[in-house]
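Worksheet for the structure shown next.
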Amino acid sequence: MTRVRRAAAAFALTLPLLLATGCGIATTGVVESGRAGTVKLATAPDPGLLYFIAPDGALVPVPVSDRMQRPDSGFTIGMLLEGPNETAREAGLTSQIPLPDSMTPESGAGVRRPVKVAADGKTIRLVLPLPVGPLSGPARSQLACTALAAVTASPAPEIVLIGTDGKEQSATCETRPAQ
């Protein structure tokens, strides 16, 4: 045998022994060191979040790309009524909120009508430019989550949708579809 082969054989026999012995440090149990760390998150109102529906049915927040065009929550809800932008559509996001009559192609699409929002700390009232009777559960959740992101209230206030059909409907922010 050559010297290289002897060294390789010695190494091959020694390696398993080294791995089996470890590094010589005994294992220890869990060491108590106090409470778990916490992180404070910024929870300021953000009228720049719109909620759309992902392909799996969950609601996902989408930031408004132009932060200068969001003066208030009513304006942001108006943006939500226009539906997802091109980038959000490419990502597979959709909306179940029907376009108001003021935004149909026949009336000149893109005519944004701000939504009237009144919040008193206990209730958020959204006066919408569309009937609320035919709105689906996910559509009501889209409106509720977008409105809640735009106001500061603890606990979360009740959300009431008021439509052109004169009906009022309660809405809750549910980000996962009901099973």
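The values are calculated or read from the model by the stated rules, or taken from the named source; none is laboratory data. Owing to the predicted nature of the structure, the values given are computational and were not obtained by experimental measurement. Cβ placement follows ideal geometry from the backbone for every residue including glycine, while neighbour counts extend to all protein chains displayed. The accessibility values were calculated without ligands, DNA or RNA, using every heavy atom of the protein model including side chains. Shrake-Rupley method; radii C 1.70, N 1.55, O 1.52, S 1.80 Å.
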### Query
Stretch residue 167-residue 13 to full length: gain in nm at 0.36 nm per residue minus the Cα-Cα span?
47.2 nm
### Task
For 145, 173, write out the residues from largest to smallest accessible area, computed with a 1.4 angstrom probe and no ligands counted.
173, 145
#### Entry: Using a Förster distance of 45 Å, the FRET efficiency for residue 5-residue 32 (Cβ separation, nearest 0.05)
0.30
### Task
Sticking with the crude label model, points 7 Å out along Cα→Cβ, report the distance from residue 56 to residue 116 in nm, one decimal please.
4.0
### Task
Pull up all non-local amide H partners of residue 51: gap of 5 or more, or a different chain, and H-to-H distance under 5 Å with H placed in the peptide plane.
62, 146
## Note on the structure
Heavy-atom accessible area of residue 140, protein chains in place, probe 1.4 angstrom, given in Å² to nearest 10, is 60
### Task
Order 90, 158, most accessible first, counting only protein heavy atoms with a 1.4 angstrom probe.
90, 158
